Amino acid sequence: MNGRIFVNINRITLEKIECLIIGSGPAGYTAAIYAARADMKPVVYEGLQPGGQLTITTDVENYPGFPDGVMGPEMMEMFKNQAVRLGADVRYGMVTSVEFKDGGPQKVIVDGNHEIEAETVIISTGASAKWLNLPSEQRLNGSGVSACAVCDGFFYRGKDVAIVGAGDTACEEASYLAKICTKVYMLVRKEEFRASKAMQHRVLNTPNIEVLFNTETDEILGEMAVEAVRVKNVKTQEMKTLSINGFFVAIGHTPNTDIFKPYINMDDQGYIITQPDSSYTNIQGVFCSGDAQDKIYRQAVTAAGSGCMAALDAERWLSERKSRN
């Protein structure tokens, strides 16, 4: 297929393309870069949050090629501009429904009134961090509040921090923070962890981690940056203020994959299952990259790498299909 075909059917615009990328961020934009270089003329729909979670991240220190660091929104704008320069058609819009079938073409509806038939689809919709829904949490997001200790812990080296959560991820991130921070308060709402015994033992045997059970966050304090957190004991209702500089939320992520559930195989959390060492899903012609299928690493650099994989897989799959026809 060369170029794009537009057809009007009862005021619904039908567009036929080779490659559709659903979602932006490091995975989506990298997929667009590679697909554009392969002359697949990719169309990217950015979704509700163009640029993904990095657009609410301030300093990014751990992405290769930026020795002095870079602001998250600035880096995502660079990714987008590179994709556009190479020929990707990046659009603001929301995919509202899909209809997938083995081998395609894949049917996708955007904003309820624009239908796309795509020979290949790359899902890069990411995952959204779960939050406590405190006004101060949102106000100070990026100014001491974070949902990724591995991403942002470096900025709190030698300082006191708090982390909320009770599962394996929370324990892993608390252990990571304990290596670089002076003191780590771990806030656990119930009387016990949900984490594995091994992770519990690691946390409880780390001297500078103090676990506060039966404790919930009442408010994060600070005007321009996090200065303290006020916590409440859910049994005694006693309030206590802890002096901290960083506040980490580790209560899980929700993959943005709901609209694909009737067609794509997922695990019990909603993460898309890809075939080993590839971006292939259970539907031929549909691929997945980034945090929509990665619940382990969740880093910008790994998301970008999987976006590259998805574009290469899509290109090869499409070439093989054309050679057979």
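Annotations
- Compactness of the chain is given as radius of gyration and Dmax, 21.8, 72 Å, from Cα positions.
- Computed Kirkwood radius, in angstrom, where 1/r is averaged over Cα pairs of region 243-325: 14.3 Å
- Over 20 Å (Cα to Cα) - which of K101/K322; K130/K197; K130/K295; K80/K261; K190/K232; K190/K235 fall in this group: K130/K197; K80/K261
- Restricting the calculation to Cα atoms, every distinct pair contributes to the Kirkwood radius of region 131-249, found to be 13.9 Å.
- By the rule of a second cysteine Cβ within less than 4.7 angstrom, the chain holds isolated cysteines at C19, C171, C181, C288, C308.
- Potential extension, D68-L132 segment - 0.36 nm per residue separation minus Cα distance: 19.8 nm
- Efficiency of FRET from Cβ geometry, T13 and D268, R₀ 35 Å, rounded to 0.05: 0.40
- Rounded to the nearest 500, the 222 nm mean residue ellipticity of the chain from helices alone is -8000 deg cm²/dmol, with -39,500 (n - 2.57) taken per DSSP H run of at least 4 residues.
- Over region 32-179, all Cα pairs binned in 10 Å intervals from 0 give whole-percent P(r) values of 9, 29, 30, 21, 9, 1, listed from short to long.
- Applying the criteria of a DSSP loop state and at most 12 other Cβ atoms within 10 Å to the GluC sites (Glu not before Pro) of region 227-325 yields E238.
- Span from the region 203-240 Cα centroid across to the region 131-176 one, whole angstrom: 12 Å
- Between T236 and E223, the simple spin-label model (points 7 angstrom out along Cα→Cβ) gives 3.3 nm.
- Local electrostatic count, T215, Cβ distance below 12 Å [Lys/Arg +1, Asp/Glu -1]: +1
Values in this text are rule-based calculations from the coordinates and carry no lab data. Treat the numbers as computed from the prediction; the structure is a model and nothing was measured. Every residue, glycine among them, receives a Cβ derived from its backbone with ideal geometry; neighbour counts consider all protein chains shown.
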